[in-house]
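Visitor: I have a structure I would like to understand better, so I am pasting it below and will then ask my questions one at a time.
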Amino acid sequence: MTPPMLRIEGLHVGYGRHPVVVDAGIEVQPGEVVAIVGESGSGKTTLANAVAGLLPAAGAITSGRITLDGHDLVAASERQWRSIRGRVLGVVPQDPGVSLNPVERVGSQVAEVLQIHGLASGRAARRRAVELLAEAGLSMPAARARQFPHELSGGMCQRVLIAIALAARPRLLIADEPTSALDVTVQRRVLDHLGDLTREFGTAVLLITHDLAVAADRAARLVVMSQGRIVETGSTDQVLRAPQHPYTRRLISSAPSLTMVQPRRRTDDSPAPRTPVVAASQLVKAYPSIEDGRRRMTPVVADVTFDISPGETFAIVGESGSGKTTTARMVMGLTRPTGGTVTVNGVEIGTLPPKQARAARRGIQMIYQNPYASLDPRFTVSDIIQEPLRAFGIGDRTQRRRRVAELVERVALPAHVLDRRPDQLSGGQRQRVAIARALALDPTIVVCDEPTSALDVTVQAQILELLLDLQRDLGTAYLFISHDLAVVRQVADRVAVMHNGRIVDQGATDTVFDNPASTYTRELLDAIPGKAHR
């Protein structure tokens, strides 16, 4: 029998006296893909960092063994680790935006791995770096090698990280949420290339993810972690089709890409048409650019037309760069259209002077993508929710405090969080605070810009349920911006698909999903992970 490439036995990892991983045991065979899944805080990243020797200073392996291709990783010295990392073990980190050196060309960063391990030097290393970028799926690899990270898209940067991780042909690759920030089509292309490369070289893969659908598509075996413990393990089909542990069942039921169910739709018994809260007509937004030495206006949004009725959820989907966020900013009055009109609550917001535009924006609020970055870390929860009330001079101090208490209760947060700051809350609690802030001014429409993409699937399900409950109770309309079509199918009444600045498909959600009119929409739907296990 072939010995495992990676064997973890009875592993305990702690931060001080606080245990984070408890009695973990995993085996990964050569060429096998094993996925570790679980919510934030489950211990999966700590386990991966223990394998890679990248635990922070406060973390330590307190007992257990980790053996990789004959190397005892627990007993390895720092000198031994320098020869293991890159050559025996490669790591693809989660965020390409912070994982690449911003002042060094990407070709040099790939070549550095070859030089460190004595595999190539000088011109040969630079040539090999270009070949590795090509193997990772980058177009025009020689040109990309001369570029800096900020000149590449997120998907391109992630491919650079894959090229770096596989440059020395390691025996094991640890991929920590390698595509969580990418659109579904880019995600599929990156994972396809990663799979092709690892199969070609027989590399074993330890995939760390909270996206159960990605794990379902890519892994032969699943390891489910909760509160630092492995609660279930087995073949992917076995775990997904007959989960044994209640936590695994809850993860699966919360994953929209696996269930693709539509829990609730807005019910509207009124036969009469209602005045839209948002009406966009032939919207255009163009920015100056230089092409062939000539200055010209390049459109990023072109001829976009849609409307949103009271109490309706209208979704705009598309890849990064499709124009969906620019469209949302024009609806918010934060970006002036180059052409066309956008009317919010009966007022054409795109041409208003600043003072009037500010007043008009009281009726339209926003929930941002990242609950970690959208809340002021210096403010308490009470201050954060009160901020829009103070900004518009609504109520006295007592009335504002009463309103804040009502909002906190409405978003199902305990009253004791009012005196806490954002860093004392979980991701789901922070997003609930952001929702409460958005509702403080009783808006008729809320722009939801990827409101759940940074959350685990179980927390995501809770936030989506909350948004639907609030819509039913308050009649608020939502403009829902997302690249996650599985989530959109759950919450949206109607959907518009954007590609290269234009709407290529628009209609009732079920109609667009079941009978897409454009090739691009079909490509997006085909890229949704987890289809084989629904």
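The values are calculated or read from the model by the stated rules, or taken from the named source; none is laboratory data. Model, not experiment: these values are computed from the prediction. Positions of Cβ are backbone-derived with ideal geometry, glycine not excepted, and every protein chain shown enters the neighbour counts. These accessible areas exclude ligands, DNA and RNA; they are computed on the full protein's heavy atoms, side chains included. Shrake-Rupley method; radii C 1.70, N 1.55, O 1.52, S 1.80 Å.
Visitor: Projected area of segment 1-149, taken from the Cα convex hull and averaged over every viewing direction, in nm²?
Guide: Details: hull surface 43.1 nm².
Mean orientational projected area (segment 1-149, Cα hull): 10.8 nm².
Visitor: Then there is this: With +1 on each Lys and Arg Cβ and -1 on each Asp and Glu Cβ, and nothing else charged, work out how big the dipole of segment 97-169 is about its Cα centre, in Debye to the nearest 20.
Guide: On the way: 9 positive and 5 negative charges, 43 e Å.
Its charge dipole is roughly 200 debye.
Visitor: Related question: Using alpha-carbon positions, what is the distance between the centroids of segment 422-456 and segment 101-155, in Å?
Guide: The distance from the Cα centre of segment 422-456 to that of segment 101-155 comes to 39 Å.
Visitor: If you take the Cα Rg of segment 463-505 and divide it by 2.2 N^0.38 Å, with N the number of residues, what do you get?
Guide: Taking the Cα Rg and dividing by 2.2 N^0.38 Å, one obtains 1.30.
Visitor: If you don't mind, there's one more thing I want to ask. State the percent of C-alpha pairs, over all pairs in segment 443-534, separated by a distance greater than 17 angstrom. Walk me through the numbers before you get to the answer.
Guide: Values: 2239 of 4186 pairs.
Distances greater than 17 Å cover 53 percent of the Cα pairs.
Visitor: What are the ³J(HN,Hα) couplings of segment 38-50, residue after residue, when phi is run through the Karplus curve with 6.51, -1.76, 1.60 and θ = phi - 60°? Round to Hz, x for glycine and proline.
Guide: Result, ordered by residue: x, 6, 4, x, 6, x, 5, 6, 4, 4, 5, 5, 5 Hz.
Visitor: Pulled fully out, how much extra length does the chain show between GLU78 and HIS117, if you take 0.36 nm times their separation in residues and subtract their Cα-Cα distance? Display every interim value, and only then the final one.
Guide: On the way: separation 39, 0.36 × 39 = 14.04 nm, distance 1.52 nm.
Full-extension gain reported as 12.5 nm.
Visitor: Ok, one more. Return the FRET efficiency for the residue pair ARG397, LEU474: r is the Cβ-Cβ distance, R0 is 25 Å, and the value is rounded to the nearest 0.05. Walk me through the numbers before you get to the answer.
Guide: Numbers: r = 25 Å, r/R0 = 0.99.
The value I calculate is 0.50.
Visitor: Let me ask another. If the viscosity is 1.306 mPa s and the temperature 10 °C, what translational diffusion coefficient in µm²/s does Stokes-Einstein give for segment 370-442 when Rh comes from Kirkwood over Cα pairs?
Guide: Estimated via Stokes-Einstein, D reaches 133 µm²/s.
Visitor: Over all directions, what mean area does the Cα convex hull of segment 97-169 project, stated in square nanometres? Write out the running numbers ahead of the final one.
Guide: Working: hull surface 16.6 nm².
Approximately 4.2 nm², given one-decimal rounding.
Visitor: Out of the total accessible area of segment 1-144 (probe 1.4 Å, heavy atoms of protein only), what percent is carbon and sulfur?
Guide: On the way: 3580 of 7100 Å².
The value for segment 1-144 is 50 percent carbon and sulfur by accessible area.
Visitor: Next question. Which is farthest toward the positive dipole end of segment 198-238 among GLN238, THR203, GLY228, measuring Cα position about the Cα centre, with Cβ charges +1 (Lys, Arg) and -1 (Asp, Glu)?
Guide: Toward the positive end, the furthest listed residue is GLY228.
Visitor: Now a separate question. Counting heavy atoms of the protein chains only and a 1.4 Å probe, report the per residue accessible area for the chain as a whole number of Å². Write down the numbers at each step before the final one.
Guide: Numbers: 23950 Å² over 534 residues.
The answer is 45 Å² per residue.
Visitor: Still on this structure, please answer the following. Please identify the trypsin sites (Lys or Arg not before Pro) of segment 209-247 that satisfy two criteria: DSSP loop assignment and at most 16 other Cβ atoms within 10 Å. Which are they?
Guide: On the way: sites: ARG218, ARG221, ARG229, ARG241; in loops: none.
Answer by residue number: there is no such site.
Visitor: Based only on Cα atoms, what mean projected area does the convex hull of the chain have, in nm²? If you can, show how the numbers build up before the last one.
Guide: Working: hull surface 111.6 nm².
Directional mean of the projected Cα hull area for the chain stands at 27.9 nm².
Visitor: Under a Cβ-only charge scheme (Lys and Arg +1, Asp and Glu -1), can you give me the dipole magnitude of the chain about the Cα centre, in debye to the nearest 20?
Guide: Details: 62 positive and 55 negative charges, 233 e Å.
Result for the chain is approximately 1120 debye, rounded to the nearest 20.
Visitor: Cα gyration tensor of segment 324-412, axes a ≥ b ≥ c as square roots of the eigenvalues: rounded (a/c below 1.5), prolate (a/b > b/c) or oblate? Working shown, then result.
Guide: On the way: a/c = 2.52, a/b = 1.70, b/c = 1.48.
In terms of gyration-tensor shape, prolate.
Visitor: Cα to Cα, under 14 Å, and not fewer than 8 places away if on the same chain: which aspartates and glutamates meet these conditions relative to LYS324?
Guide: The reachable aspartates and glutamates, counting only those whose Cα sits under 14 Å from LYS324, are ASP183, ASP303, ASP449, GLU450, ASP484, ASP505.
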